[in-house]
Amino acid sequence: MEILMMEWNSFGNEDIIAGFKELGHTVKTMPFSNKELHQDEKIEHEIINAIREFSPDFIFSFNYFPIISLACKKADMKYVSWVYDNPFVMLYSYTVIYPGNYIFIFDKELYMEFHKSGIKTIYYMPLAANTDRLHAMETSKNLDIFKKSKWMNQAEIAFIGSLYTEKHQFYQRLDGISPYTRGYLEGIMAAQKNVYGYNFIQEILTPEIIEDMGKILPMEPDPRSVATKEYLFAQYVINRQITAMERTELLTAIGKNYNFDLYTPDETLTLPGCINHSKVDYYDMAPYVFKHAKINLNITLRSIKSGIPLRAFDVMGAGGFLLTNYQTDFMDCYVPGEDFVYYESKEDLLSKIDYYLKHEDERISIARNGFERTAANHTYKHRIEEMLSYF
């Protein structure tokens, strides 16, 4: 097939292009901005002209963009998108229902919400890893660069990800809300933090709470979408703050007993036991972190309802040992205790860190199983074949 890929600075660009080509498809890339565009006649015309010039079988992009869908509708072209962000407000655009859309999302629970609403253009498909590339990095010249870099592991435990302690986080802007609203939010966040496998935040944000937050932090849904204020506040403000609290609390507890390597955008962050390496290059260097850590942590962003984050696939795809919070979708793809390990509470996390640091043979076996199952079932080539099976 001939594929026109709208290319922006997303994760997975090189990996999916390699997958398309290995399966015998031709890929032409077109530079694209990932700004949240709904409508722009100039950009529409540029996309339509590219379609006419190249005559692809379909357009592809990571994440879904209404502007691309509009152009494809006018050009009578299929639009295939694979969404790896959650929350992702563009999924609530009215354009989603256009029949030429094939929108793949990695969160089964979110998919079921769309499915129950009668949306037939959205499909469930987990993310993936390029195990060929990740495995080859064991002998790559970049390994020497990594060993001499500031990112080289210094401890046995590693976590890559934001702690949402950087400036301009939405929740920190809510100064001035009423004491009742503040207490309500703190109460529901504390409750949600102790619940894995189900997120109830959006459904219990009352109109009064939304109104009070909106006075301080106005958040208006785009009129060209069906997104609600409840969705915006729950997913972009409250669940992000819960994640910040949870990650900080868990890493602090770990740091009281062990040193750990942290790779995060906030270079100023200090925690007990924390070796802060700052943000790591995810494509070229993060796989070495996964390979050299004895335990790789995954603490999922709370707006991801049931899905497996990309980080988890890349840890296992690199041959690393994964210790993650419970997410239902793992059970679709992997066997707990054989391919990866999950924890259900702070106490369980600390107990399993202690156990797997002491039981090296078991830890190595689980990491190997995770890699082999990923290579056998969860690569970009597997996912491309699944995408194309819907045509």
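The values are calculated or read from the model by the stated rules, or taken from the named source; none is laboratory data. Given the structure is predicted, the values throughout are model-derived calculations rather than measurements. No Cβ is skipped: glycine too gets one built from the backbone with ideal geometry, and neighbour counts run over all protein chains shown. The area values use the complete protein model at the heavy-atom level, side chains included, leaving out ligands, DNA and RNA. Shrake-Rupley method; radii C 1.70, N 1.55, O 1.52, S 1.80 Å.
Here is a list: Tyr64, Tyr111, Tyr102. Which entry is under 27 Å from Thr131 (Cα atoms) and out of contact with any helix residue (DSSP H, G or I) (no Cβ under 9 Å at 6 or more places or on another chain)?
Tyr111
Considering only residues of region 205-222 that are among the hydrophobic types (A, V, I, L, M, F, W, C) and touching a Leu at 6+ places or on another chain (Cβ under 8 Å), which is farthest from Phe233 (Cα to Cα)?
Filtering first and then ranking leaves Ile216.
Output the number of the condition that Tyr184 fails; it satisfies all remaining conditions of (1) assigned to a loop (DSSP other than H, G, I, E, B); (2) open to solvent by 10 Å² or more (accessible area, probe 1.4 Å).
(1)
Would you tally the residues in region 345-368 being surrounded by fewer than 18 Cβ atoms within 10 Å (Cβ to Cβ) and in a helix (DSSP H, G or I)?
16
Test Thr328 against the criterion of being farther than 25 Å from Thr252 by Cβ, of a type in the set (S, T, N, Q) and out of contact with any His (no Cβ under 7 Å at 6 or more places or on another chain), and give yes or no.
It is true that Thr328 is farther than 25 Å from Thr252 by Cβ, of a type in the set (S, T, N, Q) and out of contact with any His (no Cβ under 7 Å at 6 or more places or on another chain).
Being farther than 29 Å from Asp281 by Cβ, open to solvent by 30 Å² or more (accessible area, probe 1.4 Å) and part of a helix (DSSP H, G or I) is the requirement here; does Glu14 meet it?
no
Being within 14 Å of the chain's Cα centre (by Cα) and farther than 24 Å from Arg368 by Cβ is the requirement here; does Ser278 meet it?
It is false that Ser278 is within 14 Å of the chain's Cα centre (by Cα) and farther than 24 Å from Arg368 by Cβ.
Any residue at all in region 87-104 that is open to solvent by less than 10 Å² (accessible area, probe 1.4 Å), within 19 Å of Tyr334 (Cβ to Cβ) and in contact with a Phe, Trp or Tyr (Cβ under 7 Å, 6 or more places away or on another chain)?
no
Given the criteria farther than 21 Å from Lys21 by Cβ and either of a type in the set (S, T, N, Q) or surrounded by fewer than 19 Cβ atoms within 10 Å (Cβ to Cβ) (or both), does Thr374 qualify?
No; evaluated as a whole, the condition is false for this residue.
At pLDDT below 95, within 21 Å of the chain's Cα centre (by Cα) and of a type in the set (Phe, Trp, Tyr): which single residue out of Phe11, Phe65, Phe106 fits that description?
Of the residues listed, the single one that is at pLDDT below 95, within 21 Å of the chain's Cα centre (by Cα) and of a type in the set (Phe, Trp, Tyr) is Phe11.
For (1) part of a strand (DSSP E or B); (2) open to solvent by less than 20 Å² (accessible area, probe 1.4 Å), each residue gets a yes or a no:
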position: Gly19; (1), (2): no, yes
position: Met30; (1), (2): yes, no
position: Ile48; (1), (2): no, yes
position: Pro56; (1), (2): no, yes
position: Lys74; (1), (2): no, no
position: Asp85; (1), (2): no, no
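Do we find a residue being in contact with an Asp or Glu (Cβ under 8 Å, 6 or more places away or on another chain), in a strand (DSSP E or B) and either buried (at least 18 other Cβ atoms within 10 Å of the Cβ) or modelled with pLDDT of 95 or more (or both) anywhere in region 115-123?
No, region 115-123 contains no residue that is in contact with an Asp or Glu (Cβ under 8 Å, 6 or more places away or on another chain), in a strand (DSSP E or B) and either buried (at least 18 other Cβ atoms within 10 Å of the Cβ) or modelled with pLDDT of 95 or more (or both).
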